[in-house]
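Chemist: This structure is in structure tokens; I'll ask about it shortly.
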Amino acid sequence: MGNTFKTAFLLTALTLLLMFIGRAFGGQNGMFLALAIAVVMNFVSYFYSDKIALAMYRAQPVTREELPRAYATVERLTQKIGIPMPKIYVIPSESPNAFATGRNPSHASVAVTHGILSLLTDEELEGVLAHELGHVNNRDILISSVAATLAGAITMLASMGRWAMLFGGFGGGGNRDRRDGGGIAALLMLILAPIAASLIQLAVSRSREYQADATGAHFTGNPYALASALQKLDAYSRRLPLQATPSTAHLFIIQPFLGMNFGSLFSTHPPIAKRIERLTGRPAEFMQ
């Protein structure tokens, strides 16, 4: 319940931040334009974010015959949880990773890389798939897609604002005092808003990862299998990183490579050691 409240609070904060930027640079009209952008982008992310994410990683749909091991595991877990069978996809990458996407349990997809299938034991793979179905069951994917879209809209609006400031300011002539006094505030807003948006989006996805770990472990009754899988995935994906875009990084079970590293502040995922500790009640270094 705490996580649901936190997510609702963070999404509201993102929407208000977006409207505040619009208001700062375009008055009442700017605020309504910002809100309209948020609504349109949320609509797109609600209906199409799954298709966009799957296409981006060249994920191919697979049948039961083509991928019996993963298929049977997902089938068993969905019956246990009581959600519809999602579509199963394979990503042609040797970097071990997985993600779930879709706006609700009836429109869900689970994608795994080639690399994860050869790396994990049956129990570990079950732990990973249970984590992804935990996201589906908790309706996380919709929330994180909306958060990512809103954060993208804020960043986009702020860069439009930067260009507008370079080429003659906002809102025409009018209020000179406001313009003089608001110049520094506007500049600060343009710099800080995208950072605030990113941090809010990351806070959403990080709290959801802990929850999906707990949900997945509950479904399998075997937290150690998921902890062991996370440890393996972390070690192997460092050697063979999966290239991902910032807008989809939060979808994966472990953080993919984004070509940059700002430490834990800009990480879409909690540290693996902390996730293992929460799952097993023991520090990560005591695993096996």
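Just so you know, all these numbers are worked out from the coordinates, no wet-lab data involved. This one's a predicted model, so the numbers in the text were calculated from it and none came from an experiment. When we count neighbours, we look across all protein chains shown, and the Cβ atoms used for this are built from the backbone with ideal geometry, even at glycine.
Chemist: Count the lysine pairs in the chain whose Cα atoms sit under 29 Å apart, keeping only pairs 8 or more residues apart in sequence or on different chains.
Modeler: 10
Chemist: Over what distance in Å are the Cα centres of segment 126-153 and segment 52-87 separated?
Modeler: Cα centres, segment 126-153 to segment 52-87: 16 Å.
Chemist: Taking only C-alpha pairs under 8 Å that are 6+ residues apart, what is the relative contact order of segment 94-159 in percent?
Modeler: 34
Chemist: Still on this model: What is the set of long-range amide H partners of Ala108 at a cut-off below 5 Å, with H atoms built 1.01 Å from backbone N?
Modeler: When sequence neighbours closer than 5 places are left aside, the close amide H contacts are Lys87.
Chemist: Please state the charge dipole magnitude for the chain, taken about the Cα centre, from unit charges on C-beta atoms (+1 on K and R, -1 on D and E), reported in debye and rounded to the nearest 20.
Modeler: Details: 24 positive and 18 negative charges, 140 e Å.
Value, rounded to 20: 680 debye.
Chemist: Another question, if that's okay. What Kirkwood Rh does segment 2-286 have if only Cα atoms enter the pairwise 1/r average? Answer in Å.
Modeler: 20.0
Chemist: Mind checking which of Ile83, Thr113, His250 is farthest towards the positive end of the chain's charge dipole, using Cβ charges of +1 (Lys, Arg) and -1 (Asp, Glu) about the Cα centre?
Modeler: Selected residue: His250.
Chemist: Just need the relative contact order of segment 1-94 here, percent rounded to a whole number, with Cα pairs under 8 Å and 6+ apart.
Modeler: 19
Chemist: What number, in percent, do you get for the relative contact order of segment 2-286 if the mean sequence gap of Cα pairs under 8 Å and at least 6 apart is divided by its residue count? Before the final figure, lay out the partial values.
Modeler: Numbers: 430 pairs, mean separation 61.1, N = 285.
About 21 percent, as a whole number.
Chemist: Along the charge dipole of the chain, which of Gly281, Ser159, Gly221 sits closest to the positive end, that is, farthest toward it, with unit charges on the beta carbon of Lys, Arg, Asp and Glu (+1, +1, -1, -1)?
Modeler: Projecting each Cα onto the dipole axis, the largest value belongs to Ser159.
Chemist: Taking chymotrypsin sites (Phe, Trp or Tyr not before Pro) that fall in a DSSP loop and have at most 12 other Cβ atoms within 10 Å as cut points, what is the longest piece of the chain between them?
Modeler: 1-166
Chemist: Separate question: Just flag the trypsin sites (Lys or Arg not before Pro) in segment 1-100 sitting in loop per DSSP whose Cβ has no more than 13 other Cβ atoms within 10 Å.
Modeler: Of the trypsin sites (Lys or Arg not before Pro), the ones in loops of segment 1-100 whose Cβ has at most 13 other Cβ atoms within 10 Å are Arg58, Arg64.
Chemist: Based on DSSP H runs of at least 4 residues, each adding -39500 (n - 2.57), what is the mean residue ellipticity at 222 nm of the chain after dividing by all its residues, to the nearest 500 deg cm²/dmol? Mind dumping the intermediate values first?
Modeler: Values: 8 runs with 189 residues, N = 288.
One gets -23000 deg cm²/dmol as the mean residue ellipticity at 222 nm.
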